[in-house]
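S.K.: Okay, here's the structure, questions in a sec.
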Amino acid sequence: MEVSKSTRIYAVFVVIILLIAILGYTYYADAEAIQNVFAEVNTINNISPKITSATLTFTLNVTNPSQRDITDLSSIFDIFISQTKIGEGSFAGLSVPAKSNVFKEVTITVYYSGLADSIINIFKNWKQGQDTTLTVDGTMEATVLFGLATASHEFIATSQ
């Protein structure tokens, strides 16, 4: 039995449409998962002062509430203490399984010139027995569609 040329063309067309639909769904589901990721500053682990700078180490709790695993998550962000920018940071290569969270320790160097404006607020908070708020404001990005594309989403994480 011989298959006609028009039947073969129709079959190829149907396969192409199915592939586009599968790839479209995969991209949409992966991108939606990244949109739902959120981060919280879990703890400020250590502040190591030096002559012209300080090394700040804190832990981010990155949560993935979606049904899809997120791989190769990276982020660039600005760091604020009491609403004053003190530095910038980043992380890369984080994987967060579906319906779980991952703790990521982040170390940054903060130069005292960036801290100068926030020191007054830190001392006020300390005098009043209040914690100083650390805020991380940035963008998360991860690979989607089997690593062929990326999706990103902005986030703000604040210590409590």
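S.K.: If we keep just the residues of the range 1-38 that are of a type in the set (Gly, Ala, Ser) and surrounded by 11 or more Cβ atoms within 10 Å (Cβ to Cβ), which is nearest to Ala151 (Cα to Cα)?
M.R.: Result: Ala31.
S.K.: Since Thr52 meets every condition but one in (1) free of Cβ contacts under 8 Å to residues at least 24 places away in the same chain; (2) loosely packed, with under 10 Cβ neighbours inside 10 Å; (3) in contact with a strand residue (DSSP E or B) (Cβ under 8 Å, 6 or more places away or on another chain), which condition does it not meet?
M.R.: Of everything listed in (1) free of Cβ contacts under 8 Å to residues at least 24 places away in the same chain; (2) loosely packed, with under 10 Cβ neighbours inside 10 Å; (3) in contact with a strand residue (DSSP E or B) (Cβ under 8 Å, 6 or more places away or on another chain), Thr52 misses just condition (1).
S.K.: Here is a further query. Does Ile76 satisfy the condition of being under 15 Å from Val144 (Cα atoms) and surrounded by fewer than 16 Cβ atoms within 10 Å (Cβ to Cβ)?
M.R.: On the way: under 15 Å from Val144 (Cα atoms): no; surrounded by fewer than 16 Cβ atoms within 10 Å (Cβ to Cβ): yes.
Against the criterion (under 15 Å from Val144 (Cα atoms) and surrounded by fewer than 16 Cβ atoms within 10 Å (Cβ to Cβ)), Ile76 does not qualify.
S.K.: Moving on to the next point. Within 18 Å of Glu154 (Cα to Cα), in contact with a Leu (Cβ under 7 Å, 6 or more places away or on another chain), modelled with pLDDT of 85 or more and surrounded by 19 or more Cβ atoms within 10 Å (Cβ to Cβ): is that true of Val41 in this structure?
M.R.: No; evaluated as a whole, the condition is false for this residue.
S.K.: Restricting attention to the range 74-88, does a residue exist that is assigned to a strand (DSSP E or B), at pLDDT below 80 and touching a strand residue (DSSP E or B) at 6+ places or on another chain (Cβ under 7 Å)?
M.R.: Filtering the range 74-88 for residues assigned to a strand (DSSP E or B) gives 74-81, 84-88.
With at pLDDT below 80 added as a condition, the list becomes 81, 84.
Those left that are additionally touching a strand residue (DSSP E or B) at 6+ places or on another chain (Cβ under 7 Å): 81.
Looking through the range 74-88, at least one residue is assigned to a strand (DSSP E or B), at pLDDT below 80 and touching a strand residue (DSSP E or B) at 6+ places or on another chain (Cβ under 7 Å).
The values are calculated or read from the model by the stated rules, or taken from the named source; none is laboratory data. Note that the coordinates shown come from a computational prediction; the quantities given were computed from them, not determined experimentally. Every residue, glycine as well, gets a Cβ built from its backbone with ideal geometry; the counts of neighbours run over all protein chains shown.
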